[in-house]
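The values are calculated or read from the model by the stated rules, or taken from the named source; none is laboratory data. Keep in mind it's a predicted model, so treat the numbers as computed, not measured. Positions of Cβ are backbone-derived with ideal geometry, glycine not excepted, and every protein chain shown enters the neighbour counts. These area figures cover heavy atoms from the full protein model, side chains too; ligands, DNA and RNA do not enter into them. Shrake-Rupley method; radii C 1.70, N 1.55, O 1.52, S 1.80 Å.
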Amino acid sequence: MATRVTVWNENVHEQESDDVAERYPDGIHGAIAAFLEEAGFETQTATLQEPDHGLTEDVLAETDVLVWWSHCANHELSDEVATRVVDRVHNGMGFVPLHSAKNSKPFKRLLGTTCNIKYRHGGETERLWAVDFGHPIVDGLPESFEIPETEMYGEPYDVPEPDRTVFISWFEGGEVFRSGLCYRRGRGRIFAFRPGHEEYPIYYQVEVQRVIENAVHWAAPNEGAADPDWGQHDPIESLE
């Protein structure tokens, strides 16, 4: 059975900027869903403007991995839907927040910190270095690759210490950034991946696509996981 992926996008820049609409005529969500579908995943999309932001309980129940892109409208997501996403991650759904989704309500709630960074616009070159060659997310990738133009993110990055750091980025202006971080929250796996500023065609780059494809494979729920028994519990051994 194919991994079921929902690609969520706030879908605001595409409606407000002609440049972004021309770059991503089917929306950023459409571009990501297209290459994931080509890679063999069962994909659907959802956006901020839909009822329940497209993330009803039924949709999330049928989602193995949620890929999330957001930026200027992070605050517009309802608290109810944010809680719904967090609960599903705790129960095993994979979560792949991209770029400014670091400021999304679900990600900040799952990590419990501000997720603040340094940043700078200007179209600098970014070089991503794979620093964990034992991790499946780097499968099929070179030791490093470049994004010709992007927005700079710089350290310090106010997040908890990750379980694994998969990529570190260097920027033309001299900054560095932990740009690929793995976490586990409850039964769910999270991979936060930095690249993806809407002003540049980053999601058409094959290396970026490969990272996201690998991340979806890695974040998908593991079959055979035991179901915990919560709450009041009778003793296993006899108590005198």
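Within the chain, what is the longest stretch that has no chymotrypsin sites (Phe, Trp or Tyr not before Pro) placed in a DSSP loop and near at most 15 other beta-carbon atoms within 10 Å?
1-132
Can you compute 3J(HN,Hα) from phi for each residue in the stretch 190-203, using the Karplus curve 6.51 cos²θ - 1.76 cosθ + 1.60 with θ = phi - 60°, rounded to whole Hz and x for Gly and Pro?
10, 10, 9, 10, 5, x, x, 4, 5, 6, 9, x, 5, 7
Probe of 1.4 angstrom, ligands and nucleic acids ignored: what's the accessible area per residue over the stretch 51-200, in square angstrom?
40
Taking Cα Rg over 2.2 N^0.38 Å straight from the coordinates, which label in (i) 0.98; (ii) 1.04; (iii) 1.09 is the correct one?
Given (i) 0.98; (ii) 1.04; (iii) 1.09, the structure-derived one carries the label (ii).
Carbon-plus-sulfur fraction of the accessible area of the chain, 1.4 Å probe, in percent?
46
Which residue, chosen from 2, 28, 43, occupies the Cα position most advanced towards the positive end of the dipole of the stretch 1-48, where the dipole is computed from +1 (Lys, Arg) and -1 (Asp, Glu) charges on Cβ about the Cα centre?
Going by the charge dipole, the pick is 2.
If I fit a long axis through the Cα atoms of helix 79-90 and take the longest principal axis of the Cα atoms of the chain, what angle between them do I get, 0 to 90°, rounded to 10?
The angle comes out near 70 degrees.
In degrees from 0 to 90, rounded to the nearest 10, what is the angle of the helix 27-38 Cα long axis to the longest principal axis of the chain?
Between the helix axis and the principal axis of the chain, the angle is about 70 degrees.
Which one of 203, 59, 106 has its Cα pushed farthest toward the positive end of the charge dipole of the chain, where Lys and Arg give +1 and Asp and Glu give -1 at the Cβ?
Positive-most Cα among the choices belongs to 106.
Just from its helices, what would the mean residue ellipticity at 222 nm be for the chain, if runs of 4 or more DSSP H residues each count -39500 (n - 2.57) and the sum is divided by every residue, rounded to the nearest 500 deg cm²/dmol?
-7000 deg cm²/dmol
Assigning unit charges at the beta carbon (Lys, Arg +1; Asp, Glu -1) and nothing else, what dipole magnitude in debye, to the nearest 20, does the stretch 135-227 show about its Cα centre?
That gives the stretch 135-227 a dipole magnitude of about 500 debye.
To the nearest 10 degrees, how steep is helix 206-219 against the longest Cα principal axis of the chain, on a 0 to 90 scale?
It works out to around 10 degrees.
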